[in-house]
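Trainee: This structure is in C-alpha cells; I'll ask about it shortly.
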Amino acid sequence: MADGRRRTPDGANRAKSQGGRSSSTRGGRGNAGGRGPRKDWSRPADKQGVPRTEEQARYDGPPIPEEITGRELDRSVSGQLKGLPDRLALRVARHLAAAGVLIDSDPETAYQHTLAARARASRLAVVREATGEAAYASGHYSEALAELRAAKRMNGATDYLPIMADCHRALGQPEQALKLAKSPAVANFSTAAKAEMTLVESGARRDLGQLDAALRTLELAPLQSKSRESWVVRLRYAYADTLEAAGRDTDALTWFHRTHAVDSQESTDAAERAEALEKRLD
C-alpha cells in the first residue's frame with residue numbers, strides 16, 4: 001500500500017514451502033480422491049456423522065492436498081520438528097507446508113493450517129512464527145502480535161519486529177509501532193529488513209498526521225539505490241506518495257517516475273500516478 005503497510009510478509013518466511021504456489025479450496029473432511037465422506041476412525045462409532053465443534057474443526061485443520069508431503073519445508077524448519085513423534089511431526093510438517101503454499105493466494109486457509117499445526121505443537125517457535133505470519137497475511141492482527149511475541153520469547157529472534165510494528169499500525173496504535181521501529185535490534189537488520197521497518201515507521205508517522213517526519217524518515221533510507229529489488233520500489237513509491245500528500249506535486253512526479261523506472265514487475269501504479277500528476281500540473 002502507499003503508506004508502507006504490508007499485507008503479506010516480504011521477509012524470509014522460514015516456515016514457507018519452497019514449492020510452487022497453488023490454491024486449494026476450503027471444505028469438509030472428505031478424502032483427497034473425492035470419493036465421498038471419509039469415515040473418521042479416531043471417533044467412536046456413535047459419534048460418526050456428528051458435526052465437529054469449532055475447536056475440533058480448528059484442530060483438524062483444512063484438508064491437506066495429497067501432493068503436499070511435508071518435505072517441501074526448509075531444512076531449518078523440518079529440523080525443529082524432529083523432537084516430535086514421527087506421525088505428529090509429519091502432520092505438523094504437512095500443515096506448515098500447505099500454509100506456505102497458500103499464504104499468498106489464500107491466506108485465510110493458510111492461517112487455518114497453521115492453527116492446526118499450533119494445536120499439535122504449540123511449544124515450537126517455528127510453529128508460532130508461521131501462525132503469526134499467516135495471521136498477519138490474513139488480517140488477524142491481534143492474533144499475529146500474540147503469536148509473534150510468543151515466538152520471540154521462545155527463540156529471541158528480532159526478525160518479526162517490522163511485522164509486529166505493522167500490526168500495531170493496523171490496530172490503530174501508531175505510537176507502539178514507532179517504539180518497535182526505534183528498537184536497537186533494527187541497526188543489525190539486513191538492508192531489506194531495515195527498509196521494511198522504514199516503511200512501517202513512515203506510515204506510522206502519517207497515521208499521526210506527521211507528514212514532515214514521515215518524509216524525513218524515508219529520506220534517511222537508500223532511495224537512490226540502484227537495486228531493482230522490491231524494497232527499493234516500495235521505498236520510492238512511499239516517498240512519492242508522501243510527497244504528494246504533503247502538497248509537493250512536482251517532487252512527487254519525479255519520484256513516481258523514478259519508482260516506475262525500477263519497477264520491472266509493475267507491482268505499483270507509479271506510471272498511472274505520474275500520468276495523473278502530469279495532467280494536474282499542465
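Trainee: Is it the case, given these coordinates, that Ala165 is crowded, with 24+ Cβ neighbours inside 10 Å and in contact with an Asp or Glu (Cβ under 7 Å, 6 or more places away or on another chain)?
Mentor: So Ala165 fails the test.
Trainee: Among the candidates Val101, Val92, single out the residue that is in a helix (DSSP H, G or I), surrounded by 24 or more Cβ atoms within 10 Å (Cβ to Cβ) and over 17 Å from the mean Cα position of the chain (by Cα).
Mentor: Of the residues listed, the single one that is in a helix (DSSP H, G or I), surrounded by 24 or more Cβ atoms within 10 Å (Cβ to Cβ) and over 17 Å from the mean Cα position of the chain (by Cα) is Val92.
Trainee: Tell me which residues, restricted to the stretch 119-156, are buried (at least 21 other Cβ atoms within 10 Å of the Cβ), among the polar types (S, T, N, Q) and not in a helix (DSSP H, G or I).
Mentor: Result: Ser138, single match.
Trainee: Let me ask another. Could you tell me how many of the residues in the stretch 160-203 are in contact (Cβ under 8 Å) with a residue 40 or more places away in the chain and of a type in the set (Lys, Arg)?
Mentor: So the answer is 1.
Trainee: State whether one or more residues within the stretch 241-250 are of a type outside the set (A, V, I, L, M, F, W, C), buried (at least 21 other Cβ atoms within 10 Å of the Cβ) and touching a residue at least 40 places away in the same chain (Cβ under 8 Å).
Mentor: Scanning the stretch 241-250 turns up at least one residue that is of a type outside the set (A, V, I, L, M, F, W, C), buried (at least 21 other Cβ atoms within 10 Å of the Cβ) and touching a residue at least 40 places away in the same chain (Cβ under 8 Å).
Trainee: Also, I was wondering about something else. For Ser183, work out the one condition from (1) modelled with pLDDT of 95 or more; (2) touching a Ser or Thr at 6+ places or on another chain (Cβ under 8 Å); (3) within 23 Å of Ala270 (Cβ to Cβ) it doesn't fulfil.
Mentor: The single condition Ser183 does not satisfy is (3).
Trainee: Also, quick follow-up: Given the conditions (1) outside the structural domain of Gln173 (by TED's automatic domain parsing); (2) at pLDDT 95 or above; (3) within 24 Å of Ser190 (Cβ to Cβ), which single one is not true for Thr250?
Mentor: Of the numbered conditions (1) outside the structural domain of Gln173 (by TED's automatic domain parsing); (2) at pLDDT 95 or above; (3) within 24 Å of Ser190 (Cβ to Cβ), the odd one out for Thr250 is (3).
Trainee: Return yes or no: is Glu55 at pLDDT below 95 and either under 22 Å from the mean Cα position of the chain (by Cα) or of a type outside the set (Lys, Arg) (or both)?
Mentor: yes
Trainee: Something else about it: Here are some residues: Ala144, Ala116. Which one is touching a helix residue (DSSP H, G or I) at 6+ places or on another chain (Cβ under 8 Å) and without any contact (Cβ under 8 Å) to a residue 40 or more places away in the chain?
Mentor: Answer to the check: Ala144.
Trainee: Of all residues in the stretch 87-113, count the ones that are aliphatic (A, V, I, L, M) and either in contact (Cβ under 8 Å) with a residue 60 or more places away in the chain or not assigned by TED's automatic domain parsing to the domain that holds Ala135 (or both).
Mentor: 7
Trainee: Among (1) closer than 25 Å to Leu115 by Cβ; (2) more than 14 Å from the chain's Cα centre (by Cα), where does Val186 come up short?
Mentor: For Val186, the exception is condition (1).
The values are calculated or read from the model by the stated rules, or taken from the named source; none is laboratory data. Since the model is a prediction, treat every value here as computed from it, not as a measurement. When we count neighbours, we look across all protein chains shown, and the Cβ atoms used for this are built from the backbone with ideal geometry, even at glycine.
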